Amino acid sequence: MFTTPVKATRTARRRGRLAVVALGLAAAASVALAPAASADPGMTSSSGLSCGGLIDCGPFAQSNYDAGPATNTLATANVAGLVTTGVINTTANAGGATASVADVDATLSGVSTLTATAVSSQCTVNSDAAAVTGSSSIVDGSLSVLAGSPITLATAPAPNTEVTLVDPLIASIVLNRQTTAQDGTLTVDAIYITLANLQTITIATSTCGPPKLAIPVVAPAVAIGGGAAAVLAMPVLGVIWYRRRQEAGAAVRS
């Protein structure tokens with residue numbers, strides 16, 4: 001006669017316990033399944049030619065990745081008495097940046113010149129590895145000095161390759177110049193020339209900022225201060241609370 005109500009009561013209690021456990025597991029899952037940090041592309045840019053010092057010029061044919069990919073082209077660049085080039089092409093996008101310059105002819109002094117059929121640089125953003133890499137290429141590069149044998153420039157120079165000159169006070173040359181800023185931004189200059197510490201000529205520059213890590217979404221229970229351990233313990237604590245409540249009720253009824 002009283003079997004059915006007792007069973008119903010037990011079923012209700014069992015459902016109550018399961019509900020408490022389910023709530024605890026849901027809270028724990030909200031922490032465990034919080035999105036992990038991801039990487040967004042950093043800033044990228046490129047230019048074909050720039051000068052600094054006694055004569056300022058450029059940057060010529062500059063491309064900047066902002067709201068979307070960018071490309072730029074210039075038929076020729078001419079800085080009187082300093083450097084001339086042929087076609088300049090630059091690109092900048094989420095994956096990196098490139099700069100290529102044709103027919104480079106730079107005057108280092110009255111007795112020396114630097115020429116190349118093509119000069120290029122590139123940098124690449126690897127969002128998965130949160131890293132930035134770069135390289136340079138020089139085709140038919142040569143440094144001519146009066147009364148001396150021409151110096152052939154490396155086709156694929158290692159980073160920060162210095163060219164040895166007869167008179168380093170006249171000029172210093174660095175191939176595949178790579179510099180990293182404090183925030184991790186990498187700048188690659190295919191050819192970087194300094195004249196008597198008074199003038200610089202930079203040919204084919206590519207710049208890539210490091211990927212930006214997004215801030216992960218944290219479940220409110222963790223942010224409040226309970227901590228992941230406390231949230232994960234909620235199922236067990238819920239069952240203990242429920243049992244003690246039932247025992248207290250039984251004691252009152254008796």
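The values are calculated or read from the model by the stated rules, or taken from the named source; none is laboratory data. Computed from a predicted structure; not experimentally measured. Quick reminder, even Gly has a Cβ in these numbers, built from the backbone with ideal geometry, and neighbours come from all protein chains shown. For accessibility, only protein heavy atoms count, side chains too; no ligands or nucleic acids. Shrake-Rupley method; radii C 1.70, N 1.55, O 1.52, S 1.80 Å.
Observations on the model:
- Residue that is modelled with the highest pLDDT, among those in region 109-126 that are open to solvent by less than 50 Å² (accessible area, probe 1.4 Å) and over 19 Å from Val163 (Cβ atoms): Cys123
- The set of residues from region 159-169 being hydrophobic (A, V, I, L, M, F, W, C) and either at pLDDT 95 or above or buried (at least 16 other Cβ atoms within 10 Å of the Cβ) (or both) comprises Val163, Leu165.
- Out of Asp103, Asp66, sole residue that is of a type in the set (Asp, Glu), farther than 15 Å from Ile193 by Cβ and at pLDDT 95 or above: Asp103
- Close pairs from region 198-213: first modelled with pLDDT of 95 or more, partner of a type in the set (Asp, Glu), Cβ under 9 Å, at least 6 apart: Thr202/Asp189; Ile203/Asp189; Ala204/Asp189; Thr205/Asp189; Ser206/Asp189
- Test: Ser120 is in contact (Cβ under 8 Å) with a residue 24 or more places away in the chain, among the polar types (S, T, N, Q) and either assigned to a loop (DSSP other than H, G, I, E, B) or out of contact with any Asp or Glu (no Cβ under 9 Å at 6 or more places or on another chain) (or both): yes
Conditions tested, residue by residue: (1) modelled with pLDDT under 90; (2) of a type in the set (A, V, I, L, M, F, W, C); (3) closer than 22 Å to Gly81 by Cα.
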site: Thr98; (1), (2), (3): no, no, no
site: Thr107; (1), (2), (3): no, no, yes
site: Asp128; (1), (2), (3): yes, no, no
site: Val132; (1), (2), (3): no, yes, no
site: Pro157; (1), (2), (3): no, no, no
site: Gln178; (1), (2), (3): no, no, no
site: Leu186; (1), (2), (3): no, yes, no
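- Flag if Asp140 is of a type in the set (D, E, K, R), more than 26 Å from Ala94 (Cβ to Cβ) and open to solvent by 40 Å² or more (accessible area, probe 1.4 Å): yes
- Matching residues, region 93-117, being free of Cβ contacts under 8 Å to residues at least 60 places away in the same chain and in a strand (DSSP E or B): Asn93, Ala102, Asp103, Asp105, Thr107, Ser112, Thr113, Thr115, Thr117
- Filter result for Asn89 (under 18 Å from the mean Cα position of the chain (by Cα), open to solvent by 30 Å² or more (accessible area, probe 1.4 Å) and not small (Gly, Ala, Ser)): no
- Boolean, Ala131 is within 19 Å of Pro210 (Cβ to Cβ) and open to solvent by 30 Å² or more (accessible area, probe 1.4 Å): yes
- Residue match in region 38-49 (condition: assigned to a strand (DSSP E or B) and either modelled with pLDDT under 50 or over 18 Å from Ser206 (Cα atoms) (or both)): yes
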